[in-house]
1. Can you name every residue in region 81-131 that is within 20 Å of the chain's Cα centre (by Cα), over 18 Å from ALA162 (Cα atoms) and of a type in the set (A, V, I, L, M, F, W, C)?
2. Quick one: which of LYS65, LYS20 is in a helix (DSSP H, G or I) and among the charged types (D, E, K, R)?
3. I'd like to verify a number: residues in region 334-354 that are assigned to a loop (DSSP other than H, G, I, E, B) and either closer than 24 Å to SER242 by Cα or at pLDDT 95 or above (or both), how many?
4. If a residue must be polar (S, T, N, Q) and closer than 23 Å to MET218 by Cα, how many such residues does region 82-100 contain?
5. Would you please name the residue that is farthest from GLU286 (Cα to Cα), looking only at residues in region 245-275 that are of a type in the set (D, E, K, R) and without any contact (Cβ under 8 Å) to a residue 12 or more places away in the chain?
6. Inspect all residues belonging to region 99-112 and state whether any of them is modelled with pLDDT of 95 or more, buried (at least 24 other Cβ atoms within 10 Å of the Cβ) and within 11 Å of the ligand (Cβ to nearest atom).
7. Select from region 184-208 the residues that are more than 9 Å from the ligand (Cβ to nearest atom) and in contact with a Gly (Cβ under 7 Å, 6 or more places away or on another chain) and write down the one among them that is farthest from GLN73 (Cα to Cα).
8. Going through SER289, SER271 one at a time, which residue ends up being of a type in the set (Ser, Thr, Tyr) and in contact with a Ser or Thr (Cβ under 7 Å, 6 or more places away or on another chain)?
Amino acid sequence: MKKHNFSAGPCILPTEVMQKAAAAVLELDGIGLSLIEISHRSKEFVAIMEQARSLALELLGLEGKGYKALYLQGGASLQFPMLAYNLLENKAGYLNTGTWSSNAIKEANVIGKAIELASSKDKNFNYIPKEFDIPNDLDYFHLTSNNTIFGTQIKKFPATNAPVVCDMSSDIFSRQLDFSKFDLIYAGAQKNMGPAGTTLVIVKEDLLGKVSRKIPSMLNYQVHIAKDSMFNTPAVFPVYVSMLTLQWLKDMGGIAAIEEINEKKAKLIYSEIDLNPLFKGFANKEDRSNMNATFTLTNEKLKDTFDAMWKEAGINGLNGHRSVGGYRASMYNALSLESVGVLVDIMSDLERKA
Ligand SMILES: *Cc1c(COP(=O)(O)O)cnc(C)c1O
């Protein structure tokens, strides 16, 4: 039986996407060859890459607005230095809301001057800082839209004149935003799009080519744009699966449709966390993530019982990250409302038993 997969990443993908991906590994669309044994320059794969790039722009509402979509490698973690290589000349400002933002700051500081404008480290990143100044002479302002580990999410993005760069690894394509307010968006595929191995980068072209340093080709967005994400061999399988997931999302009505389901899932779990005295939410209420719900037991003695119960119910991937402890229910796009219902039932069963 297929488990209810709450894994934080790599994570659940739509069943229909898995089936198509599995079939394409054996034979791609009746061509007598596997997806993973054909040239990335074949007309079949070039069409897949083009489709993956245009679906991303279309779903985000960024077509014809000067943006390019790239599928790169090295994960979101390589974007931390790469974006600084391409954009950081004098100084950049960062909002530090967790482990990933901290890593982004650290890596950018290898390249130039990255300033932390505000941080929620004082409370183990359980909230999003809101009142802080953004200087008007920044090369860019960087934030992390959803903090996968701590379970917080930015609901209202601060206004600034600086170009905005955002790590959307764990909530891209999950909610409607005015994506044209961002100048560079990046996301590792393995949370809402596909298998690990490719990173989607959406960049406004007029942002590029302004720094004075020399940039190695593999780290240069302009090189990847000029080569249509084919400067070197792309991660063909992750790109294909990402394309299938974006097609699945488009067919079901796009981001607006999935956002509605994601809101229902989040409401269901957070109301259980708030009503059940055996559980306590980790994140500040107004900053709670719709993708990753973090919570702990109020009575640690119930841990073994609770763990046995959810495992028995076919739930996977609920253990919290070591820096928060407790539990983390990751509810990415492909996770059904029904799976969240199974978890919530277990939580209320525990209350009845205890
Ligand atoms: C998972 C994650 C990363 C790291 O992604 P990699 O692809 O493993 O480098 C960065 N930022 C956020 C917000 C994440 O959730």
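1. MET82, TRP100, PHE125, ILE128
2. Numbers: LYS65 fails: in a helix (DSSP H, G or I).
After ruling out the rest, the residue left standing is LYS20.
3. The first filter runs over region 334-354 and keeps only residues assigned to a loop (DSSP other than H, G, I, E, B), leaving 334-336, 354.
Then drop every residue that is not either closer than 24 Å to SER242 by Cα or at pLDDT 95 or above (or both), which leaves 334-336.
Matching residues across region 334-354 total 3.
4. Going residue by residue through region 82-100, those that are polar (S, T, N, Q) are 86, 90, 96-97, 99.
Remaining after also requiring closer than 23 Å to MET218 by Cα: 86, 90.
The qualifying residues number 2.
5. Just the residues of region 245-275 that are of a type in the set (D, E, K, R), to begin with: 250-251, 259-260, 263-265, 267, 272, 274.
Subset that is without any contact (Cβ under 8 Å) to a residue 12 or more places away in the chain: 251, 260, 267, 274.
On the way: ASP251: 32, GLU260: 18, LYS267: 13, ASP274: 13 Å.
Per the stated criteria, the residue is ASP251.
6. Let us first name the residues in region 99-112 that are modelled with pLDDT of 95 or more, namely 99-112.
Of the ones still in play, those that are also buried (at least 24 other Cβ atoms within 10 Å of the Cβ) are 104, 108.
Among the residues that remain, those that are also within 11 Å of the ligand (Cβ to nearest atom) are: 104.
Yes: region 99-112 contains one or more residues that are modelled with pLDDT of 95 or more, buried (at least 24 other Cβ atoms within 10 Å of the Cβ) and within 11 Å of the ligand (Cβ to nearest atom).
7. Here the answer is ASP206.
8. Values: SER271 fails: in contact with a Ser or Thr (Cβ under 7 Å, 6 or more places away or on another chain).
Of the residues listed, the single one that is of a type in the set (Ser, Thr, Tyr) and in contact with a Ser or Thr (Cβ under 7 Å, 6 or more places away or on another chain) is SER289.
The values are calculated or read from the model by the stated rules, or taken from the named source; none is laboratory data. Quick caveat: nothing in here was measured; it's all calculated off a predicted structure. Please note: Cβ atoms are built from the backbone with ideal geometry, for glycine as well, and neighbour counts cover all protein chains shown.
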